[in-house]
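All remarks here apply to the structure that follows.
The values are calculated or read from the model by the stated rules, or taken from the named source; none is laboratory data. Just so it is clear, the model here is predicted, and its values are computed rather than measured. No Cβ is skipped: glycine too gets one built from the backbone with ideal geometry, and neighbour counts run over all protein chains shown. The area values use the complete protein model at the heavy-atom level, side chains included, leaving out ligands, DNA and RNA. Shrake-Rupley method; radii C 1.70, N 1.55, O 1.52, S 1.80 Å.
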Amino acid sequence: MGRWQSAVADMVSGPRAGAVDPAFWAGKRVFLTGHTGFKGSWMALWLQQMGAQLTGFALAPPTSPALFEVAAVAAGMTSIIGDIRDRETLEAALLSADPEIVIHMAAQPLVRASYDDPVGTYATNVMGTVHLLEAVRKAPSVCATCVVTTDKCYENREWVWGYREDEAMGGHDPYSNSKGCAELVTSAYRRSFFTGDDRCAIGSGRAGNVIGGGDWAADRLIPDILRAVSDGEPVLIRNPLATRPWQHVLEPLSGYLVLCQALWADRAAAAQAWNFGPRDDDAQPVQWIVERMCERWGDGAGWTRDESVQPHEANYLKLDISKARAGLGWQPRWSLSDTLDSIVAWHRAWRSGADMNAYCLDELARFARAGHPLAVQDRSDDH
Ligand SMILES: NC(=O)c1ccc[n+]([C@@H]2O[C@H](COP(=O)([O-])OP(=O)(O)OC[C@H]3O[C@@H](n4cnc5c(N)ncnc54)[C@H](O)[C@@H]3O)[C@@H](O)[C@H]2O)c1
């Protein structure tokens, strides 16, 4: 067992190994970028539920509707609307929040939008990360920082194996490549400025394709499906055989939170990159997802292939999560089937005018009750 494995696994062993610990987060001062987005809104609600003192920094919500508004996320936090490309404003906001923990999620997160605006994508995803880490350098209060990147940061070889954390960064399109660059920036900052016991510990989290209630982004599979079936139209699918590591949004968020806990407890061992993907059998082709979503929706929902010419997107992408399992005790909790059920239920609740703040808090509580991660390990090992 390597240094990181033994040290971090010892730290997280015990009955709550790998789980998010609400007692840890209660009262913590947290600075979250990207809090107006899909993942950021869920993260903000989770941190609020655990009693963190939360400051968010992001542009206005990127979609309309947006989970940020639908679930009244701003009500439980200090929300700052600002641009991470503007170093001084970001730095002033971070220093005045005086955070103990920083979670960096703000990004231009869409492959297709990155073909339309490569310069803006690199400015936000690469220089935005540089600006964030510069601000952290100047903030003595910060003990742990988690930089959120993606499974697409790896050089994609279109092979069937999951990528491991020590494989080469790459990326065919500007989005994927900008996230590979953000990983390299994070690694360089860690080695150049954040070594030594008195410095903030910096880790990065690489998640799979995240799905869940409250995503209205353009050109993403689940929002595209829900828009089409709600309008009684067939879902247009670009690449039915493309395989992705699908996971419920709360899965990688739990990974980022557990990583922050580990960075706090054992900075040297946890300060590195971690994959937070689904179980191996939840990397499924797009067609598998769309068929099951249509079945769940009912009302004659169906799909058809979009034959128009499309920019390049990877066909095969999987993450190896052995390191997070062994080193952080982290495990995925919900199966893909549970996840699709929860998305359809979430969307129906929203359409029926439910209180979506309360609904999201209930979903968070359900996720937390979903059994100890090791129970999931036992089940998956039965296959
Ligand atoms: N959704 C996924 O499938 C997925 C998968 C892996 C990684 N990620 C990563 O997770 C993070 C969040 O993604 P998401 O799906 O919630 O995206 P999103 O588009 O819903 O949210 C992006 C957030 O970043 C903010 N933002 C964008 N540009 C900004 C700028 N210049 N200055 C300040 N804020 C800015 C937006 O306002 C928003 O709050 C991103 O870093 C993304 O790359 C997402």
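Structure notes:
- Reachable aspartates and glutamates, given that their alpha-carbon falls under 17 Å from the alpha-carbon of LYS318 and they are not under 8 places away in the same chain: ASP151, GLU155, GLU158, GLU165, ASP166, GLU167, GLU251, ASP280, ASP281, ASP282
- For region 68-221, the convex hull drawn through the C-alpha positions has a volume of 131 cubic angstrom per residue.
- Based on Cα contacts under 8 Å between residues 6+ apart, region 31-105 shows a relative contact order of 39 percent.
- Sequence-distant contacts, meaning Cα pairs under 8 Å at least 6 residues apart, place the relative contact order of the chain at 20 percent.
- The Rg/Rh ratio for region 231-372 is 1.02, where Rg is the radius of gyration of the alpha carbons and Rh is the Kirkwood radius.
- Amide H contacts of ALA207: THR149, THR150, ASP151, PHE276, each under 5 Å away and 5 or more positions distant or on a separate chain (H built 1.01 Å from N in the peptide plane; Pro and chain starts excluded).
- Equivalent ellipsoid of region 164-216: semi-axes from √(5λ) of the C-alpha gyration tensor, largest first, are 26, 16, 10 Å.
- Net +/- balance of residues flanking TRP216 in space, Cβ distance below 12 Å, scoring K and R +1, D and E -1: -2
- Converting phi to 3J(HN,Hα) with the Karplus coefficients 6.51, -1.76 and 1.60 and the offset θ = phi - 60°, region 313-330 yields 9, 4, 8, 9, 8, 9, 10, 8, 9, 4, 5, 5, 5, 6, x, 10, x, 7 Hz in sequence order, with x at every glycine or proline.
- Compared with the dominant Cα axis of the chain, that is its longest principal axis, helix 174-193 is turned about 10°.
- Among the GluC sites (Glu not before Pro) in region 280-344, those located in a DSSP loop and surrounded by at most 12 other Cβ atoms within 10 Å of their own Cβ are GLU307.
- Computed on the Cα trace of region 28-153, the radius of gyration divided by the Kirkwood hydrodynamic radius gives Rg/Rh = 0.95.
- For region 188-249, the solvent-accessible area of protein heavy atoms averages 37 Å² per residue (probe radius 1.4 Å; ligands and nucleic acids excluded).
- Residue-normalised accessible area of region 91-153, expressed per residue, 1.4 Å probe, Å²: 31 Å²
- Among 360-369, 316-325, sorting by the average number of other beta carbon atoms lying within 10 angstrom of each residue, highest first, gives 316-325, 360-369.
- For LEU32, distant residues with modelled amide H under 5 Å away: THR55, GLY56, PHE57, ILE103
- The convex hull built on the alpha-carbon positions of the chain has an orientation-averaged projected area of 17.5 nm².
- For region 48-95, the alpha carbon convex hull comes to 70 Å³ per residue, rounded to a whole number.
- Share of carbon and sulfur in the accessible heavy-atom surface of the chain [1.4 Å probe, %]: 51 percent
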